[in-house]
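To keep things clear, I will list the structure first and then write my remarks on it.
The values are calculated or read from the model by the stated rules, or taken from the named source; none is laboratory data. Because the structure is predicted, anything quoted here is derived from the model rather than measured. All Cβ positions, even for glycine, are placed from backbone atoms using ideal geometry, and neighbour counts span all protein chains on display. Only protein heavy atoms, including side chains, enter the accessible area calculation; ligands, DNA and RNA are left aside. Shrake-Rupley method; radii C 1.70, N 1.55, O 1.52, S 1.80 Å.
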Amino acid sequence: MHDSSREAPDGQVGIVLAWGEVPVFRPGDPVRILTRYPVGHYRVPIYLRGKRGMVEAVVEPAGIDNEEEGYGRNAGIKLHYYRIAIPMTEIWSDYQGSHRGGLRVEVCETWLERI
Amino acid sequence: MRRRQHGHDGTHEHAHPEISESERLGYFEIMETAVRELLIEKRLIGADEIRRQIEVLDSRTPALGAKVVARAWADPDFRARLLANGRSACEELGISFYDDTSLIVLENTEKVHNLIVCTLCSCYPRPVLGLPPDWYKLKPYRARAVSEPRSVLAEFGTVIPDEVEVRVSDSTAMVRYLVLPRRPEGTEDYSEQQLAALVTRDTMIGVALAAIGTGRTGL
Amino acid sequence: MSETESLVTRLPNDIGGLPAGPIQRVDHELAPWEKCCHALADVLDFHKIINTEEKRCGVEALGAEMIGKLTYYERWIVAFANILFRKGILTPGELARKMDEVQARWPAGVNDEPAGRP
């Protein structure tokens with residue numbers, strides 16, 4: 001099976017990239033923040049669970065999963081975080097004022113699904 | 001009980017959990033000293049490291065952010081670099097990122113007004129603004145900035161026209177945000193230093209607009 | 001979601017969008033011990049003895065009552081103590097003895113009542 005996440009983005013042949021080096025999502029991708037309820041520690045606020053948005057930017061460099069870091073893991077596979085754009089009306093059905101309101105938040109790729 | 005004076009806001013009467021209260025200071029101060037000394041005795045950290053870090057913290061104030069903003073207003077090439085990579089552009093001016101955070105600079109335009117908040121804790125661009133004010137760490141700002149930003153802004157005396165998008169950035173991981181306010185009209189002849197004097201901490205959080213006559217005094 | 005389930009799955013610091021009162025534009029100059037506590041946090045993170053994420057997690061683990069009643073840096077130092085115990089870097093007895101020692105250094109008159117919660 002062809003796995004593009006193994007290859008360098010500029011098409012260099014024969015260079016295998018480490019896990020997590022290539023972002024899973026690209027700017028413009030529509031995504032949904034997952035609805036799940038971890039206990040202990042998380043960095044995805046509850047008000048954003050299940051909300052749909054768009055990847056605005058890939059945050060570089062990649063980082064360690066902050067839910068694991070919260071328990072003292074200072075190393076491990078790095079994953080990408082993404083700056084996600086979400087309209088305020090998607091988050092708050094009764095959003096007051098102008099419809100031109102938006103939220104931006106950084107979300108780790110373990111919390112995003114493609115839609 | 002040991003008593004200390006603090007710069008309380010005189011308009012604020014009731015007890016507040018973010019603000020140190022002299023009655024309760026002693027116990028936690030002792031705990032801090034004890035933890036720090038034990039770690040130094042065990043050679044896990046150095047006393048000199050703590051002293052140096054206090055100097056680092058003292059050296060970071062909103063004046064640094066104001067310098068960055070003024071440079072961006074005066075120099076379009078710097079502005080472009082700042083918007084492309086906030087951290088490396090600040091580093092050009094000697095501002096180091098001791099906490100290893102990244103910085104995204106959010107430019108206010110005639111169409112978009114940016115506001116920053118950390119709903120989960122108190123993430124703040126400390127390398128370039130210093131430590132956040134208490135209100136930034138308290139529930140009313142953290143809870144409401146993401147759901148009713150226009151009302152929050154109005155409480156700061158900042159009214160954003162309806163046709164302008166209010167865009168809120170909630171910091172949750174290793175990126176920090178700094179708002180690049182709009183340059184006030186009538187400042188075409190200002191020097192960079194005069195421009196910097198117009199830039200307050202609140203304009204770089206996004207709760208205020210930069211304006212002539214409302215900046216810091218004494219510059 | 002049941003009330004008890006929600007108590008477990010919503011961290012006490014996760015307050016975005018909750019109802020809250022007017023903005024209180026308060027600030028205070030940090031007490032020397034508070035600034036020292038901040039510097040300690042940074043140094044602990046530099047050495048990855050307690051990284052920033054562990055500090056956040058440790059404060060959350062204090063629970064809603066302590067988060068509501070302790071000041072910002074009071075929460076930090078209590079969280080640090082708990083994390084250091086858990087990691088086996090300090091023991092509770094060791095910290096108690098050191099706190100007694102620190103208190104005993106204060107000159108009479110400056111601290112003529114026992115330190116601690118009133």
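Some points to look at:
The rows are residues; the columns are (1) open to solvent by 20 Å² or more (accessible area, probe 1.4 Å); (2) touching a residue at least 40 places away in the same chain (Cβ under 8 Å).
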{"position": "C:11", "(1), (2)": "no, yes"}
{"position": "C:25", "(1), (2)": "yes, no"}
{"position": "C:35", "(1), (2)": "yes, no"}
{"position": "C:41", "(1), (2)": "no, no"}
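- Of the candidates C:88, C:58, the single residue that is small (Gly, Ala, Ser) and open to solvent by 20 Å² or more (accessible area, probe 1.4 Å) is C:88.
- The single residue among C:61, C:39, C:104 that is farther than 29 Å from residue A:65 by Cβ and among the small types (Gly, Ala, Ser) turns out to be C:104.
- Test: residue in the range B:106-124 that is within 9 Å of chain C (Cβ to nearest Cβ), touching a His at 6+ places or on another chain (Cβ under 7 Å) and buried (at least 19 other Cβ atoms within 10 Å of the Cβ): no
- Residue check, residue B:203 surrounded by fewer than 20 Cβ atoms within 10 Å (Cβ to Cβ), at negative phi and polar (S, T, N, Q): no
- Within the range B:172-207, the set of residues being touching a Phe, Trp or Tyr at 6+ places or on another chain (Cβ under 6 Å) and modelled with pLDDT of 95 or more comprises B:183, B:195, B:207.
- In the condition set (1) assigned to a helix (DSSP H, G or I); (2) more than 16 Å from residue B:179 (Cβ to Cβ); (3) open to solvent by less than 10 Å² (accessible area, probe 1.4 Å), residue B:141 is compliant with all but (2).
- Those residues of the range C:1-25 which are part of a loop (DSSP other than H, G, I, E, B), polar (S, T, N, Q) and more than 7 Å from chain B (Cβ to nearest Cβ), in sequence order: C:2
- Scan of the range B:150-203 for residues that are part of a helix (DSSP H, G or I), under 18 Å from the mean Cα position of the chain (by Cα) and not small (Gly, Ala, Ser), ordered by number: B:152, B:153, B:201, B:202, B:203
- Here is the figure for the range B:72-124: residues that are closer than 20 Å to residue B:202 by Cβ, part of a strand (DSSP E or B) and polar (S, T, N, Q) total 1.
- On the stretch given as the range A:47-77, residues that are at pLDDT 95 or above and open to solvent by less than 30 Å² (accessible area, probe 1.4 Å) total 6.
- All conditions in (1) open to solvent by 40 Å² or more (accessible area, probe 1.4 Å); (2) in contact with a Leu (Cβ under 7 Å, 6 or more places away or on another chain); (3) free of Cβ contacts under 8 Å to residues at least 40 places away in the same chain hold for residue B:84, with the sole exception of (2).
- Among the conditions (1) assigned to a loop (DSSP other than H, G, I, E, B); (2) closer than 29 Å to residue A:103 by Cβ; (3) at the interface with chain B (Cβ under 7 Å from one of its Cβ atoms), residue C:28 misses just one, which is (2).
- Figure legend. Inter-residue proximity from the range A:43-71: first residues away from chain C (no Cβ under 14 Å) and closer than 17 Å to residue C:52 by Cβ, second residues acidic (Asp, Glu) and open to solvent by less than 20 Å² (accessible area, probe 1.4 Å), beta-carbon distance below 7 Å, spacing 6+ or different chains. Indicated pairs: A:59/A:106.
- Residue in the range C:98-106 that is part of a loop (DSSP other than H, G, I, E, B) and at pLDDT below 95 present: yes
- Residue tally, condition facing chain B (nearest Cβ under 7 Å), open to solvent by less than 40 Å² (accessible area, probe 1.4 Å) and free of Cβ contacts under 8 Å to residues at least 12 places away in the same chain, over the range C:43-55: 1
- Pairs meeting the criteria (first residue in the range B:150-161 and assigned by TED's automatic domain parsing to the domain that holds residue B:140 and farther than 17 Å from residue B:214 by Cβ, second residue among the hydrophobic types (A, V, I, L, M, F, W, C) and open to solvent by 60 Å² or more (accessible area, probe 1.4 Å), beta carbons under 9 Å, at least 6 apart or on different chains) are B:150/B:159.
- Which listed residue, of A:37, A:81, is within 14 Å of chain C (Cβ to nearest Cβ) and either out of contact with any Ser or Thr (no Cβ under 8 Å at 6 or more places or on another chain) or under 19 Å from residue B:117 (Cα atoms) (or both): A:81
- Listed conditions (1) at the interface with chain A (Cβ under 10 Å from one of its Cβ atoms); (2) in a helix (DSSP H, G or I) are all met by residue B:135, apart from (1).
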